[in-house]
1. Can you pull the one-decimal nm distance between simple spin-label points at residue 104 and residue 160, each 7 Å off the Cα toward Cβ?
2. Show me, for the range 160-167, the HN-Hα J-couplings you get by feeding each phi into the Karplus relation (A = 6.51, B = -1.76, C = 1.60, θ = phi - 60°), rounded to Hz, glycine and proline as x.
3. Residue-wise, which Karplus ³J(HN,Hα) couplings in Hz belong to the range 136-150, taking 6.51 cos²θ - 1.76 cosθ + 1.60, θ = phi - 60°, and x for glycine or proline?
4. Contour minus end-to-end for residue 19 and residue 33, with contour as 0.36 nm per residue of separation and end-to-end as the Cα-Cα distance?
5. Give me the angle, in degrees from 0 to 90, between the Cα long axis of helix 83-95 and the longest principal axis of the Cα atoms of the chain, rounded to the nearest 10.
6. Specify which labelled value, from (1) 70, 41, 26; (2) 49, 43, 32; (3) 71, 50, 31, agrees with Cα extents along the principal axes in Å derived from the coordinates of the model shown.
7. If r is the Cβ-Cβ distance from residue 118 to residue 6 and R0 is 30 Å, what FRET efficiency results, to the nearest 0.05?
8. Could you compute the net charge surrounding residue 118? Neighbours are other residues with a C-beta less than 10 Å from the C-beta of residue 118; K and R count +1, D and E count -1.
Amino acid sequence: MDGHGKLQPWRAAARERMYAATLDELRGRYGTADTSFNYRWEHVTTVVTLALRLAALTGADLEVVEAAAWLHDISKFTHRDAHPIAGAAEAREFLATTDFPPEKIDAVADAIAAHMGLWRDEPLTVLEAQVLWDADKLAKIGLTAVFHWTGASLAGDRPRTVEELITRGRSADWQAKTVASMHTAPARRAAQKRLEAFNRLWDELEGELSGADLEG
């Protein structure tokens, strides 16, 4: 609630809460929030965009999906591998202070709690959880991943050289499992295209760096 006892508008409040969490993560990683690239914010805003598009295409609840997308990594830095469960609890508590429909809070928390992992052996069964999972993983493959990784390297993470970036890209063999784990038809189609673009990029980049493109 605000200082007048009114519930906060949930969308603006969720965005603000997540942005503050990304600044805390930067400070924790690098000792300052004044970095050249805020990876977590770029990732989250990308997931929000993808999740809303997927929700519109699949009939998922737009409010549940958007709130879950904004808050899915709210505990990423503080709880690491346990962040889905911790994030679900934090989202449930936070949304109760906003004008978000209270009857939908559990659905948001459930979707956040289920988004762990880069691939799945068993698919999720609830549409909103499927959409969040697909959107989160789509943001980690394809050219989006390349630019997010590169931006993070500029902010202070490794790798820092082009050769290291190529090595990292080539070693991301988990992406094929991610593509195979997509739940929704639009995400499956997009994921396959993104994986093909991702692999093609390294081929073309190595060709340029080696000068192979000079030969005919």
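Read-outs throughout are calculated quantities, based only on the coordinates presented, and are distinct from any laboratory measurement. Here the structure is a predicted model, which means the values were calculated and not measured. Positions of Cβ are backbone-derived with ideal geometry, glycine not excepted, and every protein chain shown enters the neighbour counts.
1. Inter-label distance under the simple model: 4.5 nm.
2. Values, residue by residue: 10, 9, 4, 4, 5, 5, 5, 4 Hz.
3. After applying 6.51 cos²θ - 1.76 cosθ + 1.60, I find 4, 6, 4, 6, 10, 10, x, 5, 4, 4, 4, 6, 5, 4, 5 Hz.
4. Values: separation 14, 0.36 × 14 = 5.04 nm, distance 1.11 nm.
Answer, rounded to one decimal: 3.9 nm.
5. Once rounded, the angle reads 40 degrees.
6. So the structure-derived entry is (1).
7. Numbers: r = 41 Å, r/R0 = 1.35.
FRET efficiency, residue 118 to residue 6: 0.15.
8. Numbers: positive: 120, 137, 140, 177; negative: 136.
Net charge in that neighbourhood comes out at +3.
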